[in-house]
Protein chains: 2
Amino acid sequence: MKSWVPGADDSLFGLDNLPYGVFSRDGEEPRVGVRIGDFVMDASAVAAYGGDPGDGPHLAAAWDQPSLNAFLALGRPAWDTAREWLVEVLGNEVHAERTAPHLVPVAEATLHLPFVVADYVDFYCSLQHATNVGRMFRPDGDALTPNWQHLPIGYHGRAGTVVVSGTDVRRPSGQGRPGSDGGPPAFGPSRRLDIEAELGFVVGTPSTQGTSVPTGAYADHVFGVTPLNDWSARDIQAWEYVPLGPFLGKSFATSISPWVTPLAALDAARVPLPGQDPEPLPYLAVDGPAGYDIAYEIVLNGEVVSRPPYAAMYWSPAQMLAHLTVNGASLRTGDLYASGTISGDEREQRGSFLELSWGGTEPFGRDGRTFLEDGDEVVLRATAPGVLGGRIALGEVAGKILPAL
Amino acid sequence: MKSWVPGADDSLFGLDNLPYGVFSRDGEEPRVGVRIGDFVMDASAVAAYGGDPGDGPHLAAAWDQPSLNAFLALGRPAWDTAREWLVEVLGNEVHAERTAPHLVPVAEATLHLPFVVADYVDFYCSLQHATNVGRMFRPDGDALTPNWQHLPIGYHGRAGTVVVSGTDVRRPSGQGRPGSDGGPPAFGPSRRLDIEAELGFVVGTPSTQGTSVPTGAYADHVFGVTPLNDWSARDIQAWEYVPLGPFLGKSFATSISPWVTPLAALDAARVPLPGQDPEPLPYLAVDGPAGYDIAYEIVLNGEVVSRPPYAAMYWSPAQMLAHLTVNGASLRTGDLYASGTISGDEREQRGSFLELSWGGTEPFGRDGRTFLEDGDEVVLRATAPGVLGGRIALGEVAGKILPAL
């Protein structure tokens, strides 16, 4: 399966990838685009021709929007139809002449937040990460809380501060623990600003309040995935999080990729979970390979400082979704839920600076970094096996730290 | 200041109240309405006359919408202009003839969720409630966590499951603690389903990510208030909430009133806080009376079982807002934040069944209730002093429990 688009087959954005985003050029209205090689295909413009395989005119309206939400709301059959149509249009040379004028070089495109985030939930699905954090935050207790192996722990984050890759992140200020003299809490810019390398899951098909979504319906509701950086201020978080969980330590910014990769592009990346013991309750049971083999790189100022393996995650996305809705909580188009920090067994596979520097005690990398400095730029990269035998790239997530105001 | 609307002056919805909601009748499109006596005034229809004091035509477009969000986005000057105009239109008999046809009896109106909720944050601002819960949930530790008197503790809830008063609430299912034999967690319908009587604050004016909102700008950003019932499954919550906070124990449903009461209607209800010791950090300092004297009633199947006093709350809404944004988290039009359970010093002033029954050990009320039974109906009522010397009512919040599926 070859594409006629120059360079596409030799890139990480070939016909087996085709992620969706929202782009604009030169002050035009933002609209849906599909990444192919080093180009963005103006999806609604191409679909509006009509007469294409796969109900192109129907999709054109959904793609002529400043967010993916209208397309996400169409549901699984439309997503599959769209993908077949894209493969035909970008793979069959007969469509080249009239499609090529609607390919915009990605370097000339402005990429926007790809969807309007409805609710944002962050999970905590890496056994290695939870163990590391537990050892650091609760040194006198068990590393894992008693519930950890029974349910995918999660909490709601702030949907309104989810930003697209490339958005600068202002260092947050806030309260930290008082000193040991019993004085007032510390206040000022965070001194332990961190990242969390995660994978986000984008919900398309809504559900009804009062009902739950079984694990087997995962692919009916979830459209695709996007790498995510859950920026975290550890000093703010450590002081505030008991008893109601993280709040201001997380809510200042969460970055996602401009590209949402459809689940179909990850078919060859599906792998079994590492193993769950004890066996989860029946509503959390999954059949077949419920995990994904996605290789992450954390790049700090140009240096790869960690390589977290998504395949090591304990809880699967279908389990997160089933848990999220088991109490009858409804889904909306645009809901985003994330995996929590991805950390592997090895030190150089840890997904946060907190873990890489072991709470700030073990500087890492070329510059001996513990937590983020002003001006630091972090890029998350992720690739996975593609269905054509090579690899595909998930969209990068980049962000630079601005000094506190 | 009298209204020409029959019965309005003798009701709790006189000219000094004028809450906003969204209504429809007989399959018409939902649009903004203003409550006056036992009527809903079709706001856009009246404003569309033009020539009224106060820029009526400008407001007409914002009110001809299925949610309050467009009006909320106009900001404080427009909110004040609108209120002056409403007082003129509903107070000056010269407007009666052409306005009366646009008064719909509230009994004939369907009331909708009044605004699209952007992000929902729930605080924990009652010292009495936090102390009661701490004693029950953490009997071996201090009732209050060390941070409680230094910051208004809060966490994000699920915006997508906020429903309007009158919506039935399905009993949630989920995991509870394992028995003492170390077996698997319990699973099934919640057996400790509860309410929390709260006050919600509705944000109109957004803020910019990376900046914070000082306490003094509270009334520039917050449009008004709505009573809120934070339905809670205590058995689910108790098992899940360590370490990342409440999640499924809360996310199945949160009910709000159909009416949003403008801050101006609460001018006569402003009271000093009970007192804060230690003095909060400077970013949490407030001038003048930062609390509200609002009297709640919790009505269970027709019986008043508690009378929580909002005036007893430790942290003020201006402090919640300043804290919520001190890290640079932005506000959006439609953001909702709530006070947390309102509990007074006395047993009959507690704002949750958990406290009223002291963890299920002390049945209360006519039926000896501990937690909610299927078929129970709970109504929250709230009144406050009005600026005309009488009292005003905040909208009721009602909900009935349906059995688990």
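Numerical summary
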quantity: Computed over the stretch A:77-133, Kirkwood Rh from alpha-carbon pairs, angstrom; calculated: 16.0 Å
quantity: The stretch B:249-319: radius of gyration and largest Cα-Cα distance (Dmax), Å; calculated: 15.2, 45
quantity: Options B:Val169, B:Ala118, B:Gly183, ranked by Cα towards positive dipole end of the stretch B:109-250, top entry (Cβ charges); calculated: B:Gly183
quantity: Within the stretch B:174-217, backbone nitrogen closer than 15 Å to the virtual label 7 Å beyond the Cα of B:Ala404 toward Cβ; calculated: B:174-179, B:185-194
quantity: Within the stretch B:120-402: Cβ-based charge dipole about Cα centre, in debye rounded to nearest 20 (Lys, Arg +1; Asp, Glu -1); calculated: 420 debye
quantity: Positive-pole candidate from B:Gly245, A:Gln319, A:Leu263, dipole of the protein assembly as shown, charges at beta carbon; calculated: B:Gly245
quantity: In Å², nearest 10: area of A:Leu144 left accessible to a 1.4 Å probe; calculated: 40 Å²
quantity: Spread of Cα-to-Cα distances over 20 Å intervals beginning at zero, given as percent, for chain B; calculated: 28, 57, 15, 1
quantity: Heavy-atom accessible surface of the protein assembly as shown: percent carbon and sulfur, 1.4 Å; calculated: 50 percent
quantity: Computed magnitude of the charge dipole of the stretch A:8-112 (debye, nearest 20; Cβ of K, R +1, Cβ of D, E -1); calculated: 340 debye
quantity: Cut-off under 5 Å, modelled amide H: who pairs with A:Ala338 long-range; calculated: A:Val121, A:Asp122, A:Phe123, A:Phe201
quantity: Cα gyration tensor shape of the stretch B:195-256, rounded if a/c is under 1.5, else prolate or oblate by comparing a/b with b/c; calculated: oblate
quantity: Per-copy distances of the B:Ala143 label point, shortest first, in nm (7 angstrom along Cα→Cβ); calculated: 3.7
quantity: Phi-based couplings in Hz for the stretch A:306-315 (Karplus 6.51, -1.76, 1.60; Gly and Pro marked x); calculated: 6, 9, x, x, 4, 4, 7, 5, 6, 9
quantity: Histogram of C-alpha separations across the protein assembly as shown, 20 Å bin width, %; calculated: 16, 47, 32, 5
quantity: Solvent exposure, largest accessible area first (probe 1.4 Å, DNA, RNA and ligands not counted), of A:Met313, B:Met1; calculated: B:Met1, A:Met313
quantity: Chains B and A, summed buried accessible surface - 1.4 Å probe, Å², nearest 100; calculated: 5200 Å²
quantity: Inter-copy spacing of B:Thr211 label points, which lie 7 Å from Cα along Cα→Cβ, given in nm from shortest upward; calculated: 4.4
quantity: Cα coordinate range in the stretch B:129-226, projected on the principal axes (Å, largest first); calculated: 55, 38, 26
quantity: A:Asp235, A:Asp16, B:Asp64, reordered so the largest accessible area comes first (probe 1.4 Å); calculated: B:Asp64, A:Asp235, A:Asp16
quantity: B:Trp231 long-range amide H proximity, modeled H, under 5 Å; calculated: B:Glu196, B:Ser255
quantity: Positive minus negative residues near B:Pro309 (Lys, Arg vs Asp, Glu; Cβ under 10 Å); calculated: -2
quantity: Of the trypsin sites (Lys or Arg not before Pro) in the stretch A:300-405, those whose Cβ has at most 15 other Cβ within 10 Å and which sit in DSSP loop; calculated: A:Arg366
quantity: Within 10 Å of each Cβ in A:110-118, the average number of Cβ atoms from other chains; calculated: 1
quantity: Sequence-distant residues sharing a close amide H with A:Phe247 (under 5 Å, placed H); calculated: none
quantity: Per residue, in Å², the accessible surface of chain A once ligands and nucleic acids are set aside, probe 1.4 Å; calculated: 34 Å²
quantity: Net charge, B:Glu29 excluded, C-beta distance under 15 Å - Lys, Arg +1, Asp, Glu -1; calculated: -2
quantity: Protein-protein interface of the stretch B:243-259, residues with accessible area decrease of at least 10 Å², isolated chain reference, 1.4 Å probe; calculated: B:Pro243, B:Leu244, B:Gly245, B:Pro246, B:Phe247, B:Leu248, B:Ser251, B:Phe252
quantity: Space enclosed by the convex hull of the alpha-carbon atoms of the stretch B:295-405, per residue, Å³; calculated: 170 Å³
quantity: Cα Rg over Rh - the stretch A:8-112, Kirkwood; calculated: 0.92
quantity: Cβ-based net charge around B:Ala268, under 13 Å, with every Lys or Arg adding one and every Asp or Glu removing one; calculated: -1
quantity: Within chain A, longest stretch clear of exposed GluC sites (Glu not before Pro) (DSSP loop, no more than 16 other Cβ within 10 Å); calculated: A:29-345
quantity: Förster-model FRET efficiency, 35 Å R0, B:Arg270 and B:Ala73, C-beta, rounded to 0.05; calculated: 0.85
quantity: Length added when fully stretched, A:Arg25-A:Glu88, from 0.36 nm per residue minus Cα-Cα; calculated: 20.1 nm
quantity: Gaussian network model of chain A, Cα within-10 Å springs - most flexible of A:Gly183, A:Gly288, A:Gly360; calculated: A:Gly183
quantity: Shortest-first nm distances, B:Tyr49 label point to equivalent points in other copies (7 Å, Cα→Cβ); calculated: 5.8
quantity: Top positive-direction residue, dipole computed over the stretch A:8-112 with Cβ charges, set A:Ile36, A:Ala82, A:Ala8; calculated: A:Ala82
quantity: The stretch A:288-302 - phi-based ³J(HN,Hα) in whole Hz, Karplus 6.51/-1.76/1.60, Gly and Pro as x; calculated: x, x, 9, x, 10, 8, 10, 9, 9, 10, 9, 10, 10, 6, x
quantity: Fully extended contour minus Cα-Cα distance, from A:Glu108 to A:Met1, at 0.36 nm per residue; calculated: 35.8 nm
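The values are calculated or read from the model by the stated rules, or taken from the named source; none is laboratory data. Everything numeric here is computed off the predicted structure, so don't read it as measured data. Virtual Cβ from ideal backbone geometry, glycine too; neighbours counted across all protein chains shown. The protein model used for the area step is the full one, side chains on, heavy atoms only, and it has no ligands, DNA or RNA in it. Shrake-Rupley method; radii C 1.70, N 1.55, O 1.52, S 1.80 Å.
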